[in-house]
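One structure below.
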Amino acid sequence: MKRRTAGAFGALAAACLVAASIAGCGPRPPPEFLLADSTAVRLEAGRKDSAPDPRPDPAGEDLHARAIETGSLALLLEAAESYGCEAARSDLGFRLLLRGSRARGSALLNDVNDQVMNRFERAAHRARLAFLALGEDSLRAAVVALEECRAGRFETLLIRSAADLRAGRLREAREGFEEGATLRPEDPLPLILLGESAFRDGFFGAASDAFRRALALDPRDPLAPIGLASILYSEGLLLEAEALLARAPVPNPHGVEGTRPYFLHRAAEANLRFAGGKFRIAREVLARARNEAYRLGDEESLIDLTVRRFHVFLEEEATDSAAAELSELRFREAVRRVRPEGPAAVPYYEGLLGAFRDDYGAVAAKRLELETIPGADAFLADLIEGIFEARRGSGGEAAIPLRRALRRGESALARHYLGRASIARARWGDAIANLEWIVNRGESLLDSPLLLPLSYYYLGRAFEERGDRLDAELAYREFLHYWRDADAHRAEVSRARAYLRIKNPVGEREHR
């Protein structure tokens, strides 16, 4: 750096000397000096072309400032590519990560050179990398270091609140995103995340308001319609949710986010069918979307859609077909990068498959593998063991790993199976508390697998066994409202109809 600066000043001084001599107002240097100096000037210019000065470009900084005020991904990309602004590259990568484009987001974050950043930008970038790595301890330490640099900044609030949302600290997440929306009133991202955190905490009115405000700022935002449709679905308004998704503008596959928003939209459409117990249709929608993802070269979406088909087959008890889907994932290295389970993704899915097949050997082997994979979350090992025991009806054995998993982090899937295990143990109060936790909160149409309809069914079972006939009827009717057009062979539908003495399926809509 010093050598380059010295060279620049030397070239400038020599140029002034030459100009002065030509003008006749200074000593004329000898010819060999003129030749050497002109060569030095040319070399210095060539060096600058091939190796740009790492100092911040004022134009790039101005563009970055305008981009973060409005949350414009296009402006952030322009600042990152045209002006080489590393802070813009880091900010863009984190925003893409929060918006569901994990592959693009992580690629940008890992490509940042934080040595040319100032102290605050470097601390913010390292906190984003810790968020990407899924390590809660390292993330907590990175956020503390960031707050020591600049507490109250929007970037600090965004990272800390996103960590709270992922960890299930919904009240803290809402407060942070509300403050972030106040600091950046033109940016739709904090409103999208505010809507999600309020929605998952059961505040549907506040969530709907946040999503609508985000749409007012950006009418083509692809995530806000999915959020609004998720609210309608969680309220039991499946047809309205389907109509809203059908009216939403088709995401632009040539934008900054690429084709990922389009396939998130398709996944939400498939999940609406899955929520209604129409598994065959859901699989077909996912298969068509996966073919499109393969044709367009979107490996992240291809993997995501395959995982969703895997969960649909599991719910159908079609474990051989689920195993075929899993075989598509075993040899794709990108699974480790784009799935939230990270390096534990495939062993976790294999453990789930073993649990649904009632294969103790597979579950035990995958639990051991998950415990030995560097960076794997121990929560996943406890989860597959708990699901295996709960499905076998061993309520006591299931409760231990599931409660241990919940101590590590909030999870709707762990609570759902803990509720089922509590029914097997005749712990009606525990079962009702865990299942009501699910039905009283929102469930996003991007979640996989969806648990809300079957949680109503098992809630009805718990009330029935406890002798609360009225509450059991209400829960069973809610379940049948979701699964009124479900695949006919489901035992849950037959039991709920038998309890309600429903002979004609049309009668399931009478309470709406």
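The values are calculated or read from the model by the stated rules, or taken from the named source; none is laboratory data. It should be emphasised that the depicted structure is a prediction, and the values quoted were computed from it without experimental measurement. Here Cβ is always computed from backbone atoms with ideal geometry, including for glycine, and neighbour counts include all displayed protein chains. Only protein heavy atoms, including side chains, enter the accessible area calculation; ligands, DNA and RNA are left aside. Shrake-Rupley method; radii C 1.70, N 1.55, O 1.52, S 1.80 Å.
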Protein accessible area in the chain, 1.4 Å probe - carbon and sulfur %: 52
With DNA, RNA and ligands ignored, accessible area of Glu473 (1.4 Å probe; Å², nearest 10): 50
Electrostatic dipole magnitude of the chain [Cβ: Lys, Arg +1; Asp, Glu -1; Cα centre; debye, to 20]: 360
Average accessible surface area per residue within the chain, 1.4 Å rolling probe, Å²: 46
Heavy-atom accessible area order for Thr259, Thr182, largest first, 1.4 Å probe: Thr182, Thr259
Reduced Cα scattering model of region 119-199, Debye log10 I(q)/I(0), q = 0.10, 0.15, 0.20 Å⁻¹: -0.21, -0.47, -0.83
